[in-house]
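> Next up is a structure, given as structure tokens.
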Amino acid sequence: MGEHTMRAVTIREFGGPEVLTVEQAARPEPLPTEVLVRVHAAGINPVDWKTRGGQGIAGLHTLPLTLGWDVSGVVEQVGFGVTTLKTGDEVYGMPWFPRSAGGYAEYVSAPARQWARKPATLDHVHAAAVPLAALTAWQTVVDTAHVQAGQRVLITAAAGGVGHFAVQFARHLGAHVIATASAARHPWLKELGAAETIDYTTTRFEDDVKDIDVVIDLVGDAHDQSSTRSLKVLRPGGLLVAVPGVAPELARAAEADGVRVTPYLVEPDGAALAVIADLIDEGEVAVEVEETFPLEQAGTAHAHGEAGRTRGKLVLTVAN
């Protein structure tokens, strides 16, 4: 590999996991206010394989494309004007989203303030599992729902990447957390702070709970009408944060039921990542990584993730 090139997982057509191939690519150069980060690990998220398959935000991108928004690494070079970071700093971030960040590569360049210092208690693998999932959880629970102590919060798909952070953030704020997941995940979710758990494979949550202040729905109506069913468990005026989106029919149903609904899409936020890093270092928040894969096995990792049974996160290892 030359000084101006790097390894990057590239897709030249939308499709299945087999379209992910490692190629030589131009190494980015940091513009003013940006830093160049040598990637040590890159987290994998559902948006990655949905984009690879031509769904969701794929329309925002042109091919060839390098996926990946979760990055943990070391600052290699600092662009003009940057005062918050310096060469050698260990950082993590979710840069550029929903624009391409190119995280499945050896180097990423992005605005300095979209990064934060990596949690000191985490290695790069676990730090790379945090940004997109934790920011989604933080921005839904804290910034969108404004969860308060004593509120009843239902979180669907609670054992996944976003879900396991949302449980912990809601618990940290003093909420009574009810989590849906398969039965095997229940003991772990209770360790993370869930007060109640529901086995979605045997129980419809709307038959088991009511008077919920906030639902964080990470499943959506495309799978078993999860968002529409969530409306039935909310108290009058309660809020459904539908992360997969809000169709017009769902909005009308919410209005008819006297409850609120909002869509949500995660944004880069270095300041929030700094707060999250402190919570992790204080032992308030745990990070779960189920499995790691080398960069060359990105396709295998996607196939594993798409099966939908991951506990926590999957991570690509890039540099030692």
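> Given the conditions (1) part of a helix (DSSP H, G or I); (2) farther than 23 Å from R204 by Cα; (3) touching an Asp or Glu at 6+ places or on another chain (Cβ under 7 Å), report the number of the one that R113 does not fulfil.
If we test R113 against (1) part of a helix (DSSP H, G or I); (2) farther than 23 Å from R204 by Cα; (3) touching an Asp or Glu at 6+ places or on another chain (Cβ under 7 Å), just (3) comes out false.
> At least 1 residues that are basic (K, R) in each: list the strands (runs of 3 or more DSSP E) lying fully within the stretch 18-104 that qualify.
Here the list reads 34-44.
> If you don't mind, there's one more thing I want to ask. So is V75 touching a residue at least 24 places away in the same chain (Cβ under 8 Å), over 30 Å from P236 (Cβ atoms) and surrounded by 20 or more Cβ atoms within 10 Å (Cβ to Cβ) or not? It would help to see each step written out before you state the result.
Values: touching a residue at least 24 places away in the same chain (Cβ under 8 Å): yes; over 30 Å from P236 (Cβ atoms): yes; surrounded by 20 or more Cβ atoms within 10 Å (Cβ to Cβ): yes.
Yes; evaluated as a whole, the condition is true for this residue.
> Let me ask another. Search the stretch 207-217 for residues being surrounded by 16 or more Cβ atoms within 10 Å (Cβ to Cβ) and out of contact with any Ser or Thr (no Cβ under 7 Å at 6 or more places or on another chain), and hand back the single one that is nearest to T262 (Cα to Cα).
Going through the qualifying residues, I end up with V214.
> Moving on to the next point. Is it the case that the stretch 122-141 has a residue that's more than 14 Å from the chain's Cα centre (by Cα), in a loop (DSSP other than H, G, I, E, B) and not aromatic (F, W, Y)?
Looking only at the stretch 122-141, we keep the residues that are more than 14 Å from the chain's Cα centre (by Cα), and these are 122-125.
Then keep just the ones that are in a loop (DSSP other than H, G, I, E, B); that gives 122-123.
Filter once more, keeping what is not aromatic (F, W, Y): 122-123.
Scanning the stretch 122-141 turns up at least one residue that is more than 14 Å from the chain's Cα centre (by Cα), in a loop (DSSP other than H, G, I, E, B) and not aromatic (F, W, Y).
> So, one more: Can you go through A195, A145 and tell me which one is hydrophobic (A, V, I, L, M, F, W, C), under 19 Å from the mean Cα position of the chain (by Cα) and modelled with pLDDT of 95 or more?
Selected residue: A145, the only one of A195, A145 that is hydrophobic (A, V, I, L, M, F, W, C), under 19 Å from the mean Cα position of the chain (by Cα) and modelled with pLDDT of 95 or more.
> Could you say which residue among T140, T144, T121, T156 is assigned by TED's automatic domain parsing to the domain that holds Y92 and of a type in the set (S, T, Y)?
Working: T140 fails: assigned by TED's automatic domain parsing to the domain that holds Y92; T144 fails: assigned by TED's automatic domain parsing to the domain that holds Y92; T156 fails: assigned by TED's automatic domain parsing to the domain that holds Y92.
Answer to the check: T121.
> Additional query: Search the stretch 106-116 for residues being under 14 Å from H40 (Cα atoms) and of a type outside the set (S, T, Y), and hand back the single one that is surrounded by the most Cβ atoms within 10 Å (Cβ to Cβ).
Taking the candidates together, the pick is V108.
> List the pairs whose first member sits in the stretch 175-186 and is under 16 Å from V153 (Cα atoms), whose second member is among the aromatic types (F, W, Y) and surrounded by fewer than 24 Cβ atoms within 10 Å (Cβ to Cβ), and whose Cβ atoms are under 8 Å apart, counting only residues at least 6 apart or on separate chains?
Short answer, once both residue conditions are applied: I178/F205; T180/Y200; T180/F205; A181/Y200.
The values are calculated or read from the model by the stated rules, or taken from the named source; none is laboratory data. Computed from a predicted model, the values in this text were never measured in an experiment. When we count neighbours, we look across all protein chains shown, and the Cβ atoms used for this are built from the backbone with ideal geometry, even at glycine.
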